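Note sheet for the following structure.
The values are calculated or read from the model by the stated rules, or taken from the named source; none is laboratory data. Model, not experiment: these values are computed from the prediction. Methodologically, a virtual Cβ is constructed for each residue, glycine included, from the backbone with ideal geometry; neighbour enumeration extends over all protein chains shown. Note: accessible area is taken over every heavy atom of the protein model, side chains too, but ligands, DNA and RNA are not part of it. Shrake-Rupley method; radii C 1.70, N 1.55, O 1.52, S 1.80 Å.
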Amino acid sequence: MKKIELTLLVLLAMSIAACSKDEAAPEPVASSSDGNGPMPAVESAAGNPTAEEASREITGDYMRGIVVEISDDRYEGRGPGTRGDEAARQYLAGRMEEIGLLPGGEDGSWEQPFDLVGINASQPDTWTFEGHGKSMALKQWDEFIVSSGVQEERAEFSDAEIVFVGYGIQAPEYDWDDYKGADLKGKVLLMMNNDPDWDSNLFGGEKRLWYGRWDYKYLSAARQGAAGAIIIHTSPSAGYPFQVVQTSWTGVQFELPAADEPRTQVNAWLTEDTARELVAMAGLDLEELREAAYNRDFKPVPLGVSTSLAMDVEITRVQSGNVLGLIPGSDPVLKDEVVIYTAHHDHLGIGTPNEDGDAIYNGAMDNATGVAQVMAIAKAIKALPEAPRRSILVNLVGAEEQGLLGSEYYAANPTFAPGRIAANLNYDGGNIWGHTHDVTFVGLGKSTVDEIVTLVASVQGRVVKPDQFADKGYFYRSDQFSFAKIGVPAMYLDTGTDFVDRPPEWGREQQNHYTEVNYHQPSDEYSPSWTFDGMVDDALLGFWTGLAIANADEKPTWVPGDEFEAARIEALRALEE
Ligand SMILES: [Zn+2]
């Protein structure tokens, strides 16, 4: 998109919003006296305050109502395929209807249903490893967590050798291959989390790429024909403490129905201390193994330790769905294109109780807040006197917590061709702490969506910062990743860290505290102490950004050379066939 065109579009839409913030300053945006002359488009908008009026539909009260409702214990944590999940979907469809959206499913319904395979492995109490005349039995929960890699009633391997494979990464573009052609069929691969980050030219430096995520690791092991994969947990390399592994990987795990992709029998996590003891059985030192793995020349290291594991697995099939609401575009041609707002409506359901005996994982911040923000944005767009040129789709996706399954299903079965999806604006986890001077754009630097977001934020008096926790790989941890994989440029905001009237470190402290204490825990509950001011700001940012994209002549593009550019080119080419 041309920068000038975008600037005009955003300022056109926002001119009144900027003025109304400061009544004392006459025509602050329109009458530029810096020598460039007034911008005609802005002047013509000055008598048309409709978009600004519509934006006032975005209120803390509206969002609070939705958050309080779907994070209530009655929804039982909205676990995919449960009655709480179904109730939440029905409730949200009702709210969509109430604000005047049209059903966005294929057959005039509010939902895009999809099947989920529920996999509940009976975790063994202990897991035994033998070799070099020694034996070691690990304790479930405290030392390891396992899950079934197959959608079958039994997952097992016997006498499989443990092989340390470093990062378990094969990345030709970085000339990196941890396997070096070793025969790993039937082995159990012990792997480090994250990706190499000591060199800014390698795997995005400290940024975590997909190669650094657990889903890549398990898939990578399966491609080698391995029987199992074990990821060594450390909080820095995972981006979260072991308790998140414990609560996320026990109980029913969901997947989309298996196709013919390769699969390991068992996937596991070990604590770092336990992994250290395991390699010590082979007379090796974990630090030394890691040092070796920091090198391109690294080769897999068989430990001479073997293990067996067999689990009964309960397989269930359930249905969940994405809830879809549409605002058809006003332009006869561009209405076939769409800006998609997403927020996942699911959470973890009922699980292991915490110390207070609470077993309901309410998922208030994660992600009732995101759902509320997207609904508020839709309400505001719907309040415009004329719909934007491109269509707007509100897509409240399901089964995110189990690996972005709802968005993955949508990406595989989109209601608009991928080449016609102009952008995805995703909300996952709202700011419950107040106004910020900044806003975090996860994935900043990847596409031209950046320019619009930066401009809108500046009119809000805020600065856009790149991901403040880039090592945690957030871009690959929410639903925009499913859209990026089919080539759609994305906006994914995270809470700023510089809070108005707070000391500089305060914001980071709040966020770290949330991650340590409440993230994926029953204590992620709504509290009346929450403020929605920050969420209103962030929703407004998404509202103006979405409008600018929906009204622009051209769609956003990836920065040349971005990891998802090839997928976009492919999607656009497919439109011509
Ligand atoms: Zn989430």
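The table below lists the values:
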{"quantity": "Whether the range 296-426 is rounded, prolate or oblate, judged on the alpha carbon gyration tensor where a/c under 1.5 counts as rounded", "calculated": "prolate"}
{"quantity": "Within-13-Å neighbourhood charge of PRO262 [Cβ basis; K, R +1; D, E -1]", "calculated": "+1"}
{"quantity": "Two-site label geometry, GLU97 and ASP175: point separation in nm, points 7 Å out along Cα→Cβ", "calculated": "6.1 nm"}
{"quantity": "Cα gyration tensor, the range 108-265 - rounded (a/c under 1.5), prolate or oblate", "calculated": "rounded"}
{"quantity": "Of the chymotrypsin sites (Phe, Trp or Tyr not before Pro) in the range 69-156, those whose Cβ has at most 14 other Cβ within 10 Å and which sit in DSSP loop", "calculated": "TRP141"}
{"quantity": "At R0 = 56 Å, FRET efficiency that the Cβ-Cβ distance of HIS132 and ASP331 yields, to 0.05", "calculated": "0.20"}
{"quantity": "Segment GLU577-SER308, extension gain: residue separation times 0.36 nm, minus the distance between their alpha carbons", "calculated": "91.7 nm"}
{"quantity": "In order through the range 154-163: 3J(HN,Hα) via Karplus (6.51 cos²θ - 1.76 cosθ + 1.60), integer Hz, x for Gly, Pro", "calculated": "9, 10, 7, 8, 9, 6, 8, 7, 8, 10"}
{"quantity": "Extended-chain gain in nm, criterion 0.36 nm per residue less alpha-carbon gap, THR234 and ALA280", "calculated": "14.8 nm"}
{"quantity": "Loop GluC sites (Glu not before Pro), the range 370-437, which have at most 14 other Cβ atoms in a 10 Å radius of their Cβ (DSSP)", "calculated": "GLU386"}
{"quantity": "Sequence of ARG477, ARG223 when ordered by accessible area, the most exposed leading, probe 1.4 angstrom", "calculated": "ARG223, ARG477"}
{"quantity": "Ranking by accessible area, most exposed first, for LEU326, LEU575 with a 1.4 Å probe", "calculated": "LEU575, LEU326"}
{"quantity": "Three-way shape call for the range 363-411 based on the alpha-carbon gyration tensor, with the a/c threshold at 1.5", "calculated": "oblate"}
{"quantity": "Per residue solvent-accessible surface (Å²) - the chain, probe of 1.4 Å", "calculated": "39 Å²"}
{"quantity": "Kirkwood Rh in Å, taken over the range 91-131 so that all alpha-carbon pairs contribute", "calculated": "14.5 Å"}
{"quantity": "Percent RCO, i.e. relative contact order, over the chain, from Cα pairs under 8 Å lying at least 6 residues apart", "calculated": "20 percent"}
{"quantity": "Residues with amide H under 5 Å from that of ALA490, placed H, sequence gap 5 or more", "calculated": "ASN424"}
{"quantity": "The chain: Rg to Rh, with Rh as the Kirkwood radius over Cα pairs", "calculated": "0.99"}
{"quantity": "Label point distance in nm, TYR294-THR557, each placed 7 Å from Cα along Cα→Cβ", "calculated": "4.0 nm"}
{"quantity": "Cα-based Rg of the range 387-518 normalised by 2.2 N^0.38 Å, two decimals", "calculated": "1.12"}
{"quantity": "Label-point separation, VAL68 to GLU53 (7 Å along Cα→Cβ), nm", "calculated": "2.9 nm"}
{"quantity": "For the range 415-484 versus the range 538-554, the gap between their alpha-carbon centres in whole angstrom", "calculated": "12 Å"}
{"quantity": "In order through the range 564-575: 3J(HN,Hα) via Karplus (6.51 cos²θ - 1.76 cosθ + 1.60), integer Hz, x for Gly, Pro", "calculated": "9, 4, 4, 5, 5, 4, 4, 5, 6, 5, 4, 5"}
{"quantity": "Semi-axes of the equivalent ellipsoid for the range 502-554, Cα gyration tensor, largest first, Å", "calculated": "31, 14, 12"}
{"quantity": "Segment SER458-THR316, extension gain: residue separation times 0.36 nm, minus the distance between their alpha carbons", "calculated": "46.2 nm"}
{"quantity": "Accessible carbon and sulfur surface of the range 196-336 relative to its total accessible area, %, 1.4 Å", "calculated": "49 percent"}
{"quantity": "Backbone HN-Hα couplings from phi across the range 79-93 [Karplus 6.51/-1.76/1.60, Hz, Gly and Pro as x]", "calculated": "x, x, x, 8, 5, x, 4, 5, 5, 5, 5, 5, 4, 5, 4"}
{"quantity": "Helix-only [θ]222 nm of the chain, DSSP H runs n ≥ 4, -39500 (n - 2.57) each, per residue, nearest 500", "calculated": "-9000 deg cm²/dmol"}
